[in-house]
1. Going by the structure shown, is residue A:160 in a strand (DSSP E or B), more than 14 Å from every other protein chain (Cβ to nearest Cβ) and either crowded, with 22+ Cβ neighbours inside 10 Å or modelled with pLDDT of 95 or more (or both)?
2. If I filter the stretch A:80-99 for residues that are within 14 Å of chain B (Cβ to nearest Cβ), free of Cβ contacts under 8 Å to residues at least 24 places away in the same chain, farther than 20 Å from residue A:147 by Cβ and of a type outside the set (Phe, Trp, Tyr), do I get at least one hit?
3. Taking the conditions exactly as written (on the phi > 0 side of the Ramachandran plot and more than 7 Å from chain B (Cβ to nearest Cβ)), does residue A:148 satisfy them or not?
4. For the stretch A:140-157, enumerate the residues that are aliphatic (A, V, I, L, M) and either surrounded by fewer than 21 Cβ atoms within 10 Å (Cβ to Cβ) or over 15 Å from the mean Cα position of the chain (by Cα) (or both).
5. Among residues belonging to the stretch A:49-104 that are over 17 Å from residue A:196 (Cα atoms) and part of a strand (DSSP E or B), point out the one that is modelled with the lowest pLDDT.
6. If I go through the stretch B:212-233 residue by residue, how many of them are under 15 Å from the mean Cα position of the chain (by Cα) and assigned to a strand (DSSP E or B)?
7. Take the residues of the stretch B:57-85 that are out of contact with any Asp or Glu (no Cβ under 6 Å at 6 or more places or on another chain), outside any strand (DSSP E or B) and at the interface with chain A (Cβ under 7 Å from one of its Cβ atoms): which is surrounded by the fewest Cβ atoms within 10 Å (Cβ to Cβ)?
8. In the stretch B:40-53, which residues are within 9 Å of chain A (Cβ to nearest Cβ), under 30 Å from the mean Cα position of the chain (by Cα) and surrounded by fewer than 20 Cβ atoms within 10 Å (Cβ to Cβ)?
Amino acid sequence: MGFSAPALSADDGSVDIKPIVVVEPDNKQREAYEAQIDTEFFEIGGYAGILSIEDFTSSAVYGLKASFHATEDFFLQTNLGQAEAGLSYAEQQAGDGVRFLSDDDRKYTYYNLLVGYNIFPGETFVTQSLAFNSAFYLVAGAGNTEFAGDKHFTLTYGSGYRIILQDWLTINVDFRDHTFESEITPKKKRNHNLEFTTGVTAFF
Amino acid sequence: MLLATLLQAQPATDDSWLERFLSSYASSDKPQHELVRLSVIDSFIELHSGPGRGYPIIHTIEQGDEVNVYKRRGNWYLVSDRRLRQGWVTQEKLARTIAPTGLPAALPDVRHGDYLAQKFRVGFSLGKQDDDETAQVMVGFRLLSFASLEIEGGQIFADDIEGYSYGGNLLIEPIQSLSFTPFISHGYGKQVFQQKETLNVGRNNHYDSDYRFTGAGINFYIGLNFVMRGEYRKMHISGDNGSTSNSAWRIGFSSFF
């Protein structure tokens, strides 16, 4: 009949379905990086950055991370990291080589178990013709921090940004707060240790 | 269109729809002998370049065109049209297709109980045992549709002592058709405590104890692969320095594969 409506009823009750022509977008530049992470759930990698240890100095932190991507939105992650604290504020004030902690006790090591949520997935456009799949995510969970000769139950929460460079390779930036109750000073107080890291991980 | 009420379609072979989808998911690297073919009845369906809403749309498939379904990841399906242009489409959009017989396609429902091919589960839980915080890693295996076995190990955080625990649990989950499902659990294990080094006055005090517990909780299934759990346990601990009972609760996150 010449209309482009999807269905027409003739008088005898039969329905005529006409195909709709859909104009295809020019997708040449996107074919090049069709994602293939269909069978890949595990992600393993490393990270490095700065950890600001409350009452101490800011120190370099290194670690390993592993993630399991459960759904498009949720993932489970575990991190294992370590840093070496410098002088505490009290030691700096005392001066003259006064030390309240042994060198062993200055080692700050932690692990945590986190749930992550990919809140803003999408793409990032580096140049006119170069785009990568990316996601901004939130993480929260808990774990253990061993520092100053003690083991502390630590809550961790933060956010991060992941860019998928290849099917199997991602780069990510994370900002986290590791918080625990400290008994180092006579009064119990809650410490916040802020960590800012960059990491590289592989999907497989 | 409700997925749950769609009629069973006639597949191209004698295998049921469910078996075909499950086998394609479990062995995603092997080519399919008989591909599932469906016809699009919506005006068009959009294909993304990857299994997520953040991936761009790269193709569209028109009404009346046939699609082949290759594999599933979460609730996204990898399909291609007759010109073999591939892309990912959500289960919701793919449901708007019909089988060659003209009946609507019956795709696996979103109920977690159906995915028996996903037998393993890995996750962690955080909680409290009396006043002490706990953190545990867990690996589970689904024995039957309503029963699973888990082994777990982790840490117990207390003021004066530090502890580790490990054990095995059995979970019974009778109802599977809802997103929130209750379960009961029972388990045995060991807890090892040690006095903290900072308080050490010479002797290294070390306590070993056995525990058993009975618990109950609720599983909340998000997506097809992800479950959040809230559990309460009544624990009975017996060891070197007598026996005691206490309560523990935890919140857990785990994923199937």
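The values are calculated or read from the model by the stated rules, or taken from the named source; none is laboratory data. None of the values given here were measured: they were computed from a predicted structure. Glycine also receives a Cβ, built like all others from the backbone with ideal geometry; neighbour counts cover every protein chain displayed.
1. Here the answer is yes, as residue A:160 does meet what is asked.
2. no
3. yes
4. Answer for the stretch A:140-157, where residues must be aliphatic (A, V, I, L, M) and either surrounded by fewer than 21 Cβ atoms within 10 Å (Cβ to Cβ) or over 15 Å from the mean Cα position of the chain (by Cα) (or both): A:140, A:148, A:155.
5. Keep residues of the stretch A:49-104 that are over 17 Å from residue A:196 (Cα atoms), which gives A:55, A:66-76, A:86-104.
With the extra rule that they be part of a strand (DSSP E or B), the set shrinks to A:66-69, A:74-76.
Details: A:66: 96, A:67: 94, A:68: 89, A:69: 85, A:74: 91, A:75: 92, A:76: 94.
Going through the qualifying residues, I end up with A:69.
6. First, the residues of the stretch B:212-233 that are under 15 Å from the mean Cα position of the chain (by Cα): B:218-230.
Checking which are assigned to a strand (DSSP E or B) leaves us with B:218-222, B:226-230.
Of the residues in that region, 10 qualify.
7. B:64
8. Once the filter is applied, which keeps residues that are within 9 Å of chain A (Cβ to nearest Cβ), under 30 Å from the mean Cα position of the chain (by Cα) and surrounded by fewer than 20 Cβ atoms within 10 Å (Cβ to Cβ), the stretch B:40-53 yields only B:53.
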